[in-house]
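The numbers here are math on the coordinates, done by the rules we state, and not lab data. No experiment lies behind these values; they were computed from the predicted model shown.
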Amino acid sequence: MDMTASPTLRIPPLGRNKLILSNPTFSDTLIDEFTVSLEVDGLQATATIEDYLGGGLPEFFHDLAEHWQGWSGEKVWKSRDGVLQFACTSTRSGKYQLAVFLDPARSMSKPWTVKATIELEAGKLDQIAASSQAFFAF
């Protein structure tokens, strides 16, 4: 990884609809905050996730990859500040629906929220988990 460039995590790695994590700032060796951008069907929403400090997102994606054959119910993750939340479900056809909730009104004076769903493929879950680990270990 180029240590002069700011790391970026794109979920999924290819496709029109996407979630992008970028612009991390660090507190000692942990990411303190980062920018999240959601682009779905022509809508683009951006917010800052503050007070992350090892908030477990790589573990969430590793759990999805580990259970690539599917699971019942939802697997949920949310940021400490409540601005970003994921709820992932699996389908019998090997597809995964990642519901993304952005609610910057919880920590900023922005009166909007966004909920969108991004489709993930089982074959890409390992790549997403590894990219997530690399982003947060930068």
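Which of ALA65, ALA105, ALA47 ends up with the largest GNM mean-square fluctuation for the chain, with Cα atoms connected below 10 Å?
Comparing ALA65, ALA105, ALA47 in the GNM, the peak value goes to ALA105.
Report relative contact order for the range 9-137 in percent, whole number only (criteria: Cα-Cα under 8 Å, sequence separation at least 6).
Result for the range 9-137 is 21 percent.
Give the cross-link partners of LYS124 among the aspartates and glutamates, using a straight C-alpha distance below 14 Å as the criterion and excluding same-chain residues fewer than 8 apart.
Within reach: ASP63, GLU66.
Please work out whether the range 23-100 counts as rounded, prolate or oblate from its C-alpha gyration tensor, where a ≥ b ≥ c are the square roots of the eigenvalues and a/c under 1.5 means rounded, while otherwise a/b larger than b/c means prolate and anything else oblate?
The shape class here is oblate.
With the cut-off at 1.5 for a/c, could you classify the chain from its C-alpha gyration tensor as rounded, prolate or oblate?
oblate
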